[in-house]
Every structure is written in structure tokens, then in C-alpha cells.
Amino acid sequence: MEYQTTIGIEVHCELKTNTKMFSSAKNGYGTTANSYVNIIDLGYPGALPIINKGAIELALRAALVLNCEINKKMHFDRKNYFYPDLPKGYQITQARTPIGIHGYVEIDTPNGKKKIGIHDIHIEEDTAKSIHTAESSLLDFNRAGVPLIEIVTEPDMNTKEEAMAYVEKLRELLLYANISDCKIEEGSMRCDVNVSISKTEKLGTRAEIKNIGSISNIGLAIQKEVERQQEIYENGGTIQEETRRFDEKKGKTVLMRVKETGNDYRYFPEPDIPYVVLTEEEIESVKRMIPILPNVRRDFYKAHGMSDINSDKLIQNRPLSDYLLKAKENLDYVIASNLLLGDISAYLNKEHKEIEETMLTIEKFESLVDKLASKEITSKIEKEILVDLLEKPMSVEEALKEHHLTLVNDTKVLEEIVTNIIKQNQESVQDYKNGKDRALKYLMGQIMKETKGTANPVLVNELLIHLLNEE
Amino acid sequence: MSNYLDLSIQEINNLLKKKEITPVDLVEECFRRIESNEDLNAFITLNKEQALEEAKALADVEVDNLLFGLPIAVKDNIVTKDLRTTCASKMLENFVPIYDATVVEKIKAKHMIIVGKANMDEFAMGSTSQTSYFGSPRNPWNKNCIAGGSSGGSAAIVAARLTPFALGSDTGGSIRQPASYCGLVGMKPTYGRVSRYGLVAFASSLDQIGPMTRNVYENALLLNAISGHDDKDLTSSYNQVEDYTRLIGKEIKGMKIAVPNYFMSDIVDSEIQDKVREVIECLKQNGATVDYIDIDYVENAVTLYQIIAMGEASSNLARFDGVRFGYSAPDAQNVEELYLKTRETGFGDEVKRRIMVGSYLLSGENAVTYYNKALSIRDDMRKSFRKAFQTYDLIIGPTTTTVAYSLGQDLDDPMKSFMDDVLVIPVNMAGLPGMNIPIGMNQDHMPIGLHIIGNQFEEAKMYQLASFLEKELNLDLDRKERS
């Protein structure tokens with residue numbers, strides 16, 4: 001029998017708040033060390049925690065996004081241990097009443113969709129940052145008290161691909177719901193992975209790999225850890241519960257410390273913070289603030305014929321995806337996505353603008369897409385008027401007029417032009433009659449050239465074929 | 001030599017208003033008194049220069065309230081900006097806070113003048129003030145006796161009339177018991193009535209700051225000044241602040257009073273029981289009804305208290321690690337050693353004992369066996385008190401089982417100091433307001449106190465009864481002549 005791998009993941013995410021979890025000090029990244037600090041963050045004698053309502057709201061949003069049951073009456077607990085980066089000698093966390101429980105995240109696997117269970121999501125405060133130099137250890141308290149959520153999965157993953165897909169999906173969700181920056185490199189998202197292998201139903205002893213620095217390294221670390229554990233079992237050894245880290249240079253996991261049995265954090269309810277009660281109304285209002293999530297968008301795009309590539313690109317480009325959310329349902333989403341990701345993106349990148357900063361209202365955009373879809377205008381015309389549409393408060397019709405680009409739909413006028421072109425290009429007519437398709441395209445091009453692209457291409461095409469057949 | 005500080009607060013206020021005296025006169029007189037009573041060892045830090053400066057600065061400020069310009073002593077576990085705050089511990093021997101506690105801001109807003117920081121038990125852990133790193137304060141009624149604790153310095157200061165006002169803190173009787181031993185009025189308000197922001201935490205779910213004064217009226221006035229919701233303390237109450245003097249002087253006819261049987265059992269000295277019975281008779285004669293009742297679990301209160309208070313204390317005191325502030329062992333080779341040496345030498349024996357017991361009580365399964373169980377019995381005790389207050393306006397009994405005893409007595413018995421607080425601790429456990437008023441002397445002329453317990457946020461009613469008894473008993477409690 002093969003070894004079965006079991007993986008559980010704990011993710012810590014810094015919440016995108018203005019201030020810290022239990023103090024009014026600023027929550028920010030990359031400033032001078034110890035500048036975003038007050039007496040609460042330093043655990044000063046006499047200082048007491050306050051509660052950041054914004055952080056509770058973001059955590060609630062996360063719990064809802066991860067399909068959790070909400071603890072409507074929750075309290076905080078103290079986790080007691082000594083470490084220089086822990087100013088009070090305890091961390092305020094939620095041990096007994098996490099804000100969310102029994103949730104799930106759905107991932108795609110080769111065998112279809114799979115639900116990864118979320119055991120719980122709880123709120124806690126970050127520690128200070130230790131910086132070790134040759135002579136001394138330094139402490140930066142900017143990070144002390146930054147609001148965190150910890151998301152703990154059930155041991156529901158069995159391959160490194162599933163683990164990576166889970167973290168990828170989680171990251172996408174938290175980013176989309178504006179909960180966290182999720183920057184793994186900057187530490188605003190930190191992943192600890194628990195790995196065990198077993199040949200029986202009973203789970204093997206797990207090793208925890210702490211703080212893996214990227215999603216690809218999560219895959220690599222799991223692979224190397226599984227290999228390590230297999231080798232130990234194959235050689236008749238036993239695995240002990242331990243904490244490891246992934247050494248990128250060595251390309252393997254290395255031991256940090258063996259876990260002591262019954263790590264004693266002396267949890268007890270935080271007496272400085274009364275129960276936090278979430279009402280049904282509060283939960284509802286937070287629910288309403290959750291943006292439409294990527295999987296919903298993806299399904300919609302797919303149903304409207306958009307390619308997977310365009311769909312992914314749009315999901316990654318949040319402002320464009322949000323913009324498109326406002327469009328009517330019966331739009332040609334293929335043309336719309338091509339337009340957004342092509343000419344419009346090119347313009348926005350060049351001008352360093354966001355779509356919402358331009359004059360292209362969603363109504364104008366819809367009208368442009370409709371005209372392209374009905375072949376009322378060509379993409380050449382679209383390109384000519386696009387900058388005006390983006391920069392000026394004019395409608396598509398106004399822009400076409402301004403550029404003298406109103407389509408010629410008058411059959412009589414067109415017939416004359418087509419007849420002339422046929423006369424002038426007898427060689428191509430002969431080619432067409434000899435079955436050369438290229439000739440038709442050439443003739444179309446000549447007509448468009450003559451009309452500076454203003455001829456209705458649908459009408460021209462019909463007329464041309466009709467007249468050629470009469471020749 | 002003037003003795004303005006012996007006058008009533010209204011008289012002083014009139015003199016200030018008429019500009020016959022200035023706050024400087026009051027502060028100078030206060031320091032004369034303090035300096036001639038140094039043997040009481042009631043202060044840890046004096047604030048003379050700053051106090052005089054503040055008094056001078058008040059010369060042109062309108063006298064806008066009764067507390068204006070009056071000297072006050074602040075227990076040394078309440079942080080004061082730029083004024084050393086030691087918690088009577090070597091750990092904070094040189095600790096100068098960078099902010100004011102909310103209560104300190106409030107008394108400063110009334111233009112009261114902080115003359116110094118009062119001695120106490122180290123980190124408020126004790127009931128005799130003998131665990132102070134700076135030596136024990138003495139009882140002005142008999143300097144060989146304890147002033148009680150943990151707010152022993154505050155009690156001695158007011159009893160000796162060094163200042164008319166002091167702030168204390170009460171986790172398990174630390175305002176009321178020394179107030180009883182020293183013969184003054186001490187109030188532990190309802191939990192949440194006064195902000196704890198800036199009070200160095202001992203047991204967060206029990207700690208409460210309160211006023212210690214010469215008389216009932218002045219006590220209520222100071223409570224008016226320090227009460228109210230504080231955004232900086234999530235456990236502070238939104239319950240509206242009322243004028244706590246409003247029922248003072250009102251008759252007590254029809255008042256329903258209960259006396260828990262346990263409070264009058266043989267754990268209490270007979271002399272004290274007798275005094276309380278006299279009071280009960282007096283109340284009855286004046287139209288109050290007095291019934292003896294039972295409150296569930298009061299006899300377990302000390303045990304519950306030890307579990308909850310020590311558990312919380314072990315966590316609250318973890319921040320004193322030598323890393324960011326306070327004492328830091330100078331010769332540590334690594335972090336582990338820094339922790340061990342700092343805490344070994346920085347804390348006194350009683351504090352270390354409580355941290356160790358508290359840590360044990362919260363360890364692993366013990367948290368469930370002890371801490372959680374204590375919380376649930378505490379709830380039951382609360383309910384029992386609540387039930388009593390459905391029938392009764394107030395509960396009374398003695399504040400202490402004995403009068404103040406000799407310094408040094410029973411120092412090697414760690415349980416003794418808890419048993420001193422057996423009657424006051426249940427009030428903290430129930431989050432109720434409790435106060436001490438003096439009701440007489442024993443045969444050795446040491447003060448005896450009455451404990452008045454009210455329902456939540458009914459401090460005004462307690463002051464009503466207290467002021468009635470104060471007037472009725474008309475005790476001469478001025479210790480100035482003797483000292």
C-alpha cells in the first residue's frame with residue numbers, strides 16, 4: 001500500500017486596518033522602526049486594550065467569505081508565554097470562541113471540485129519583530145498589536161497541489177474581499193503547514209513546517225517533507241512531533257525544535273475585554289459589503305462565453321472586473337473582455353489611470369460593445385474614437401460624428417462605390433471567379449479604403465458578393 | 001501656625017473663594033504635616049516642588065469646585081505622568097510613567113494637587129502593607145500597628161490628616177480594610193464605575209479605584225470627580241454618573257437592611273460584633289428594619305478569590321521582564337537569564353508566591369479544575385447577592401474580624417493576610433460597591449469599622465446610611481493631636 005499524505009494548513013493574515021487590534025497606533029508597513037507604537041503596544045503598566053471595530057468587521061467578513069458559522073457572542077483569551085517580542089507576556093487571542101467555525105474553501109483538483117474544511121478562524125494580535133544581529137537582538141514594535149486572523153483548516157488536503165491550490169484560493173478570496181494584502185514576502189500572510197504520512201486509516205505523527213515564504217515553496221516543502229518522512233518509516237524509524245522550517249538553499253526542511261508535550265499556554269478569558277456581541281443586523285450589513293467573489297465572477301464569465309485566459313486576466317485585474325460587474329447581462333462579454341484587456345488596458349497602463357478615473361461610463365462602454373457586436377462599427381473605428389471616449393464626456397454617436405465616422409448604410413451610395421471598385425479591379429474579379437477567396441478580402445479592403453472605413457461592412461459584404469455574381 | 005486642613009471642605013472652599021487663603025497655603029501646610037510625620041512611612045515619593053508650582057499656578061484660576069486646590073495622595077499603583085510610580089516594588093523603583101491614569105486626569109481637571117504617592121503592599125498584594133519594598137507604613141492610632149493593606153499608606157495619610165483625600169485601590173478589600181484599621185471612610189465603588197486605565201493591574205476582573213477620606217460627604221464628592229465611563233477601559237460602565245451626595249442627610253426610616261449571618265459569626269472579635277450590634281439597634285430605633293440572612297458561598301469567597309486573583313496576577317505581572325521598562329538584571333548572559341534574574345530579584349516574596357500559585361492554577365487541566373470552576377461559583381455568589389438586593393436596600397456587617405494588629409505579627413503565615421479580608425472579599429467577587437465607615441473604638445482605642453454593601457451602582461444609598469451613622473455616632477476621629 002502507498003503512503004497517504006495528510007496536510008493541514010494554518011494561515012496568519014494581517015488585516016487591512018488603519019489602526020492596531022487593541023490600540024489606536026497606526027497599522028502600517030515599512031516605516032522607521034518603533035514609530036507606530038504607543039503604551040498599549042508596549043504593554044506599559046496600567047495600559048488597557050481597546051477594541052478595533054474595523055478589525056472585528058474584517059474578521060467577520062473573512063469568516064463569512066470562508067462559509068463559517070459565526071460566533072455571535074465571543075470573547076478573547078490570553079495565551080501566556082515569555083518571549084521578548086511579546087510585550088505583555090501574553091498574546092490576546094480567541095481560544096474558546098473563535099469568530100468563525102466549520103467553514104470551507106472550494107478548490108479545483110484534477111478530480112473536480114473539493115471542499116477544504118475550515119476548522120476555525122480567530123482574531124489575535126501580532127507580536128513585535130525580532131531582528132538578530134551579530135552583537136545583539138533588536139525589537140521593532142511597529143508590528144506588535146497588528147490585527148491578525150488565523151485560519152486553521154481541517155487535515156483535508158492530500159497532495160502538495162491541493163495545498164497550493166488552497167493557499168492560492170484563500171489568498172484570492174481574502175484579497176478580493178479587501179480583508180488583507182496577503183503579501184507572503186512581506187509577512188502579511190504567513191503559512192504553517194502540517195504534514196504527516198500513513199499507510200493506515202490512522203493519521204501519522206505530523207511535523208509542522210513554519211512560515212513558508214511562497215506558494216511554490218509550500219509545494220516544494222511538502223514534497224521534501226513527505227520524502228523525509230517516508231525514508232524514516234522505510235528505515236524502520238518513527239516520526240516525532242516537531243517544528244521544522246523550509247530551507248530554500250538546501251531545498252529541504254530542517255528541524256527547529258521538538259515539540260514539548262502539552263505546551264502550556266495557561267489560557268484564560270481576557271478580563272480586560274468584555275464579551276463582544278455580534279447582532280444579526282451587523283452580520284447582515286457586513287455580508288452586504290462583501291464584493292462578488294472570484295468564483296462567482298468566473299462562473300458568470302464562462303456562461304457568457306469568455307475564454308479562460310480572459311476570465312483569469314480579468315479576475316486578476318480587480319478594477320476592470322469590478323467595472324464589468326456594472327454592465328448589463330445581455331452584453332457581448334467576449335468583445336467586452338477583449339476591449340477591456342486590449343485597447344482600454346493599453347491606454348490605462350500608458351496613462352497610469354484606473355478605469356474609474358476615465359470618462360468612459362459603463363453606458364458608453366456598453367454602447368461601444370453593442371456597436372462592435374452588431375458590426376455597426378469596425379474595430380478600426382473603435383480605435384479611432386476610444387481616446388475621446390475615455391477623455392471626453394461625449395457619447396459614442398457624438399464621437400463618431402466628430403471624427404466623421406458615421407457608418408454609411410445607404411445602399412444606393414454603397415452600390416455605386418462597390419460597382420466602381422469592381423470596374424477598377426477586373427483582375428481580382430477574375431481571381432474571385434476562379435475560386436480565390438483572397439480576392440474577396442482584397443476587394444473589401446479597397447472599398448473600406450475608399451470609404452475610410454465608414455462603410456457598413458455587413459452591407460458591403462452582401463452587396464459585393466451579389467454584384468460579383470452578377471458580373 | 002495655621003490649620004486650614006482641619007476645616008471642612010466647604011469652609012476651605014469659602015476661604016479660597018474670598019482669597020483669604022491660596023492653594024499654596026494649603027500645600028505648604030500639607031507638607032509641614034507630612035514632614036512632621038515621616039515616621040508613619042506613609043509616602044513612597046513626595047511631589048513637593050511640582051505640587052507647589054501647581055498651587056502657584058492656581059492663583060489666577062477661578063475657584064470652580066469644592067475640590068479646588070486641595071491636596072491629595074495617590075496610591076503608588078496609579079500611574080502619574082512624570083512622577084515616579086513604583087507599586088512599592090524594586091521592579092519599578094525608578095519607573096517614571098509617561099502618562100496619567102484616567103483618575104489622575106480627572107482629579108487634575110478639578111485642580112486638586114497631588115502631593116505624593118502613597119505606600120502600599122508590593123503590587124497591592126497583601127493586607128498589611130508590610131510587603132512594600134520601601135518598608136511598612138504605620139497606623140497613626142498606634143505606630144506599632146499595621147495600617148492595613150494594601151492601601152495602607154493612603155489610609156495612614158488620611159487618618160493622620162496629612163491630606164484630606166487619598167485614592168486607593170481595592171482588589172480584595174484593599175481600600176475598606178485599611179480604612180477600618182485606621183478609622184476613616186473608604187469606598188470601593190461598583191466594578192466599572194471608575195476607570196482602571198492607568199491602574200497597574202493586579203487582578204483585572206476585581207481591581208477598582210476608590211476614594212479614602214475623613215468623612216462621608218467628602219468621600220462622595222471625590223467619587224463624583226473620578227467616576228464615569230472611559231473609552232480607554234472597556235470594562236468601565238456606561239451607567240450614568242449621578243451626584244453621590246444627593247441622599248446624604250436624608251432620613252433612613254423604612255430602609256431595609258440585611259446582615260449576613262456569616263459576617264457576625266465567631267470569626268469576628270466579640271468587641272467588634274458588639275459595636276456592630278449597637279449600630280443595628282440604632283438603625284432599628286430610627287425606623288430601619290434589620291434582618292439576618294444567608295448569602296451563598298460567602299464562606300468560600302477567600303478560596304475563590306485566591307484562584308481568580310492569583311491566576312490573573314500571574315498573567316498581569318508577566319510584562320515585568322526587564323526588556324522594556326523597570327528593573328532589568330544587569331548581568332544576564334541571555335534572554336532566559338534576563339527573565340529569571342530580573343524577576344527573581346525584582347519581585348518580593350509575596351508577589352513571587354502569588355505568581356507561582358497563579359501560574360500553577362492556570363496550568364493545563366488546572367484551569368478547568370480551578371479557574372473555570374471558581375468563575376462559575378463566583379456567578380452563583382453574585383446571584384445570591386442579587387437576590388438579597390431584591391428585598392433589601394443595603395447589607396451591613398463588620399469590615400474586619402479584628403482591629404489593626406502589631407507590625408511583624410504572623411508575617412510567616414501566608415494565609416493570615418487573606419483571612420484578614422474574609423469579610424471584604426465577597427464584595428469584589430460580586431462586583432458590588434462596598435464601603436467602610438468608622439463606628440467606634442475598641443478598648444485599646446483602635447478603630448472599628450462598619451462595612452456597608454450596596455447593590456450595583458447604588459453608592460448614593462450607601463452614603464445615605466453612612467452619613468446618618470456618622471452624624472448619629474459623632475465620633476472624634478482626629479489623630480492630629482496624638483501624632
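The values are calculated or read from the model by the stated rules, or taken from the named source; none is laboratory data. As the structure is a computational prediction, the values presented were derived from the model and not from experiment. With ideal geometry, Cβ positions are generated from the backbone for all residues, glycine too; neighbour counts draw on all protein chains shown. These area figures cover heavy atoms from the full protein model, side chains too; ligands, DNA and RNA do not enter into them. Shrake-Rupley method; radii C 1.70, N 1.55, O 1.52, S 1.80 Å.
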Notebook entry, point to check: Using a 1.4 angstrom probe and counting only protein chains, how large is the accessible area of A:Glu106 in Å², to 10?
Noted result: 70
Check: Put A:Glu416, B:Glu11 in order of accessible area, largest first, 1.4 Å probe: what do you get?
Finding: A:Glu416, B:Glu11
Item checked: Over chain B, relative contact order from alpha-carbon pairs under 8 Å, at least 6 apart, % -> 18
Checklist line | Beta bridges per DSSP with both ends in chain B, % antiparallel, nearest 5 | finding: 65
Next item on the list: Please list, in chain and number order, the residues 5+ apart from B:Leu407 or on another chain whose amide H is under 5 Å from its amide H, with Hs placed from the backbone.
Entry: B:Cys145, B:Ile146
Note to self: Multiplying the sequence separation of A:His75 and A:Lys199 by 0.36 nm and subtracting their Cα-Cα distance, what value in nm do you get?
What the structure shows: 40.6 nm
Next item on the list: May I ask for the net charge around A:Lys160, where only other residues with Cβ less than 13 Å from the Cβ of A:Lys160 are counted and Lys, Arg are +1 while Asp, Glu are -1?
Entry: -4
Notebook entry, point to check: Could you give the angle, 0 to 90 degrees to the nearest 10, between helix A:53-65's Cα long axis and the longest principal axis of the Cα atoms of chain A?
Noted result: 70
Note to self: Could you tell me the extents of segment A:317-471's C-alpha atoms along the three principal axes, largest first, rounded to whole Å?
What the structure shows: 54, 29, 29
Notebook entry, point to check: Near B:Lys416, which lysines are there with a Cα under 20 Å away, not counting those fewer than 8 places off in the same chain?
Noted result: B:Lys352
Margin query: Kirkwood hydrodynamic radius, segment B:345-483, all distinct C-alpha pairs: what's the number in Å?
Written below: 18.0
Check: At a Förster radius of 60 Å, what calculated FRET efficiency corresponds to the Cβ-Cβ distance of A:Asn434 and A:Glu280, to the nearest 0.05?
Finding: 0.20
Item checked: Share, in percent, of DSSP beta bridges within segment B:1-151 that are antiparallel, nearest 5 -> 55
Notebook entry, point to check: Hey, how many Å between the Cα centroid of segment B:359-437 and the Cα centroid of segment A:113-157?
Noted result: 39
Note to self: Can you give the Rg/Rh ratio of segment B:420-483, where Rg is from the C-alpha atoms and Rh is the Kirkwood radius?
What the structure shows: 1.03
Checklist line | Approximate shape of segment A:241-364 as ellipsoid semi-axes (Cα gyration tensor, √5λ), whole Å, largest first | finding: 45, 26, 15
Check: If you project the alpha carbons of segment A:4-281 onto their three principal axes, what span does each projection cover, largest first, in Å?
Finding: 57, 53, 33
Note to self: Let's test this: bin the Cα-Cα distances of segment B:303-391 at 10 Å from zero up to the farthest pair and state each bin's percent.
What the structure shows: 17, 34, 25, 15, 6, 2, 0
Next item on the list: Enter the mean number of other protein chain beta carbons within 10 Å of the beta carbon of each residue in B:330-341, as an integer.
Entry: 1
Next item on the list: Report, by chain and number, residues whose modeled amide H sits under 5 Å from the one on A:Thr454, excluding near sequence neighbours (fewer than 5 apart, same chain).
Entry: none
Next item on the list: Determine the principal axes of the Cα atoms in segment A:292-402, then give the extent along each, sorted from largest to smallest and rounded to whole angstroms.
Entry: 42, 31, 20
Next item on the list: At 1.4 Å probe size, with no ligands or nucleic acids counted, give the accessible surface of A:His132 in Å², nearest ten.
Entry: 130
Checklist line | Translational diffusion of segment B:165-210, µm² s⁻¹ [Kirkwood Rh, Cα pairs; Stokes-Einstein; 4 °C; 1.567 mPa s] | finding: 121
Next item on the list: Take the Cα pairs of chain B, get the Kirkwood Rh, then feed it into Stokes-Einstein at 25 °C and 0.890 mPa s and tell me D in µm²/s.
Entry: 110
Margin query: For chain B, what does the helix formula give at 222 nm: sum of -39500 (n - 2.57) over DSSP H segments with n ≥ 4, over the residue count, nearest 500 deg cm²/dmol?
Written below: -10500 deg cm²/dmol
Notebook entry, point to check: Per 5 Å bin, what is the whole-percent P(r) computed from every C-alpha pair distance within segment B:1-133?
Noted result: 2, 11, 20, 20, 19, 14, 9, 4, 1, 0
Notebook entry, point to check: According to the Kirkwood expression over distinct Cα-Cα pairs, how big is the hydrodynamic radius of segment A:198-286, in Å?
Noted result: 16.6
Next item on the list: For segment A:1-81, state the average projected area of the convex hull of the C-alpha atoms over all orientations, rounded to one decimal in nm².
Entry: 9.6
Item checked: Approximate shape of chain A as ellipsoid semi-axes (Cα gyration tensor, √5λ), whole Å, largest first -> 60, 28, 19
Note to self: Rg over Rh of the protein assembly as shown, using C-alpha atoms and the Kirkwood radius, what does it come to?
What the structure shows: 1.16
Next item on the list: Hey, could you grab the Kirkwood Rh for segment A:411-470? Inverse mean 1/r over distinct alpha carbon pairs, Å, one decimal.
Entry: 11.2
Checklist line | Solvent-accessible ranking of A:Ser35, B:Ser467, largest area first, probe 1.4 Å | finding: A:Ser35, B:Ser467
Check: Between A:His403 and B:Lys387, what FRET efficiency comes out of the Förster formula 1/(1 + (r/R0)^6) with R0 = 60 Å and r the beta carbon distance, rounded to 0.05?
Finding: 0.10
Item checked: Relative contact order of segment A:278-346, pairs being alpha-carbon contacts under 8 Å that are 6 or more residues apart, as % -> 31
Notebook entry, point to check: To the nearest Å, what is the center-to-center distance of segment A:224-252 and segment A:11-31, using C-alpha atoms only?
Noted result: 35
Checklist line | Solvent-accessible surface (1.4 angstrom probe) belonging to A:Phe300, in square angstrom, nearest 10 | finding: 70
Next item on the list: Pairs of Cα atoms under 8 Å, at least six residues apart: use those to get the relative contact order of chain A, whole percent.
Entry: 13
Check: Straight-line reach from A:Lys249: which lysines have a Cα under 28 Å away, not including same-chain ones fewer than 8 places off?
Finding: A:Lys129, A:Lys160, A:Lys169, A:Lys183, A:Lys210, A:Lys224, A:Lys259
